[in-house]
Amino acid sequence: MPHRDQQTEKLNVDASTEDFARLRWLFRNSESTNEHLAGSDQARPHRARHLLNVLVYEPRSSAAILAFLCIAILVLSAFPNSWMNGHTTVSEPLPMSLSSLSAEPALATTVAVHTARSASISSDRNQPYGMLQGAAPDKGPGESFRFPVASNDLVALSLKVDEPIMSSLAEGLLRIGSHEAHAEGSPATTSSSSSMIAATDPSTTADVSSVSIRGVSDKEIRFGIVAPFSGPAKELGRQMKIGIESAFNLANDVGGVNGRQLKLFSADDGYEPSRTGEAMRQLWDDHQIFGIVGNVGTPTAAVALPFALDHKMLFFGSFTGANLLRQIPPDHYVFNYRASYSEETEAAVRYLVRVRGLQPNEIAVFAQQDAYGDAGYEGVAKAVRSLRSGDTQPIIRLNYKRNTVDVADAITQLRSHKASIKAVVMIATYRAAANFIEKTRDRYPKMIYTNVSFVGSTALSQELVLQGERFADGVIITQVVPAVNGYSRAVLDYKKALAKYFPGETPDYVSLEGYIAAKILIEGLKRVGPELNTDKLVDSLEAIRNFDLGLGTILNVGPSEHQASHKVWGTQLDKSGHFNAIELE
């Protein structure tokens, strides 16, 4: 019989010298392996010679066999130390690159080869072609070299290969296992072992569980937040992130949720919708997040929400009361903790009319000129219409531009209004609101100012106190969480976590809201169990009933109710900027 190098030269394939070197490597190892198993039985033909005979003289099988040999090289290269299972034969290193086996242009990609624990390369003398088989016997003639795997779960091995090659090799492997083996009289392989090739991302391959869920591994769950971490509203983003991370850190310190640590990745959009889309893509593509928690803002939500829905991604606990996140019936992936702006502004208007004795036409709205301002204004108008028994007379609206403190036009409009205005419901952020109060307080000393919770209560208080006691005194802010200076169970737990993980930070209404939203999310994650995906989490959240965090109100979620709380609290600043609780009814 010709020497194996002479046989190799007869192969009619378009391959390079390096590729034939890899084949020789495999044949030499196959020969040494058979010698080890056969002992001194010299009558038994070498498997490598038999395989070359098939490749040269049986064209029908040669293409499939060559495809299998290539996949064998890839698999064996992934286990250079363990595939020999203790044998002492030393082989030359396997070259790692495959470049010339494909006639198509090479498209470099990262490929994860998933194989079950029982997968093996057979060395049975009755199987002359050697194949990746499922449940080979452990001993005797069918003894197989097995790839050790840490658990019964599927595992991912990241290999850099050419995409066209992998497609061809996978097809060839299936043909060998299901057709060629039977044609040659080989025992049929079982189906207990599965092999599949799937595209994956290199940043998550090494730590992904058996069924790959974006942002979820055996060790962690990744969430993202898009918020302003720069610009005039940056304190809102910073405080929301602090609150969420306080709750996450508490859970992580006791082992995480079902053994997984909770991680929060942030992206800055500066409270500008034009930057929100890129921030969402950054979290999705670069950080491979599982879901969104605590996004800040209404105009930015108008961009972030469609992105989340298109990607079937959880959109949880946003810092906004806008109705676009409160559809009827609710969007499947969208959940809210807080009361809506309609509920906050209705509570404020009813307080002004029923408690303070104002007429509806004595109320004006100072609003940001965007979707946030629109949502708040519509809430005020709705409340006024209900009090007027359907009267549609418009409410005066005083506008300012987002991310500015320019309130000159709003003040000019207020001064030009003929009717007496005794109260202003403010749909603004803290710096613009403080500037408006400062520039109107002396002209309208008895004016009542109310704000919705999004203003950033602590930041507003600090801004007003800097201007002087008379500017802070009497300013009202509706809240969606209890008073931070109180002693409720939820507030005490929050303060303890804040002091532990962010020492020196002052308790804040925004960070308290982030903390509570994260606690609800964690409860949903716990109820899912270890087998986590988005739909299971949605089902778990929708099953939360009578959940008591010690807020003074019970939280409920359901298939038709994706807002856990409808409670609105009232607070009022004194001269020193401290918050005092007030009854809104």
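The values are calculated or read from the model by the stated rules, or taken from the named source; none is laboratory data. Everything quoted here is computed from the prediction, not taken from an experiment. With ideal geometry, Cβ positions are generated from the backbone for all residues, glycine too; neighbour counts draw on all protein chains shown.
Exactly one residue among G256, G277 is in contact with a Lys or Arg (Cβ under 9 Å, 6 or more places away or on another chain), modelled with pLDDT of 95 or more and either in the same structural domain as Q368 (by TED's automatic domain parsing) or of a type outside the set (K, R) (or both), and that residue is G256.
All of E505, E523, E585 fail the test of being under 21 Å from the mean Cα position of the chain (by Cα) and either part of a loop (DSSP other than H, G, I, E, B) or of a type in the set (D, E) (or both), apart from E523.
None of S386, S420 is part of a helix (DSSP H, G or I), of a type in the set (S, T, Y) and surrounded by fewer than 16 Cβ atoms within 10 Å (Cβ to Cβ) except S386.
Yes/no matrix, rows are residues, columns are (1) in contact with a helix residue (DSSP H, G or I) (Cβ under 6 Å, 6 or more places away or on another chain); (2) small (G, A, S):
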residue	(1), (2)
A497	yes, yes
L521	no, no
T534	no, no
L551	yes, no
V557	yes, no
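Among the residues of segment 372-387, some residue qualifies, meaning at least one is in contact with a Pro (Cβ under 7 Å, 6 or more places away or on another chain) and free of Cβ contacts under 8 Å to residues at least 60 places away in the same chain. Checking each residue in segment 406-417 for being in a loop (DSSP other than H, G, I, E, B) and either touching a Ser or Thr at 6+ places or on another chain (Cβ under 8 Å) or modelled with pLDDT of 95 or more (or both) picks out D406, V407. Each residue in segment 224-254 was checked for being part of a helix (DSSP H, G or I) and more than 19 Å from the chain's Cα centre (by Cα), and 7 pass. Of everything in segment 480-502 that is hydroxyl-bearing (S, T, Y) and outside any loop (DSSP other than H, G, I, E, B), the residue that is nearest to G577 (Cα to Cα) is Y494. Does any residue of segment 399-419 turn out to be among the aliphatic types (A, V, I, L, M) and under 30 Å from N556 (Cβ atoms)? Within segment 399-419, not a single residue is among the aliphatic types (A, V, I, L, M) and under 30 Å from N556 (Cβ atoms). Checked against the criterion of being part of a helix (DSSP H, G or I), assigned by TED's automatic domain parsing to the domain that holds L532 and under 28 Å from A381 (Cβ atoms), the candidates A308, A304 yield just one match: A304.
When K500, K567, K575 are screened for being charged (D, E, K, R), more than 22 Å from M313 (Cα to Cα) and surrounded by 15 or more Cβ atoms within 10 Å (Cβ to Cβ), only K567 passes. A residue that is part of a loop (DSSP other than H, G, I, E, B) and under 28 Å from L555 (Cα atoms) occurs somewhere in segment 424-443.
Of the residues M447, M426, the single one that is modelled with pLDDT of 95 or more, assigned by TED's automatic domain parsing to the domain that holds N399 and under 16 Å from T345 (Cβ atoms) is M426. The residues listed here are G552, G514, G524; of these, the one that is surrounded by 15 or more Cβ atoms within 10 Å (Cβ to Cβ), free of Cβ contacts under 8 Å to residues at least 40 places away in the same chain and in contact with a strand residue (DSSP E or B) (Cβ under 9 Å, 6 or more places away or on another chain) is G524.
For segment 527-549, residues that are in a loop (DSSP other than H, G, I, E, B) and either loosely packed, with under 15 Cβ neighbours inside 10 Å or aromatic (F, W, Y) (or both) total 8.
Condition check for L464 on (1) loosely packed, with under 14 Cβ neighbours inside 10 Å; (2) at pLDDT 95 or above: one failure, at (1).
So Y487 clears everything in (1) of a type in the set (F, W, Y); (2) surrounded by 22 or more Cβ atoms within 10 Å (Cβ to Cβ); (3) at pLDDT below 95 except one condition, right? Which one? Among (1) of a type in the set (F, W, Y); (2) surrounded by 22 or more Cβ atoms within 10 Å (Cβ to Cβ); (3) at pLDDT below 95, Y487 violates only (2).
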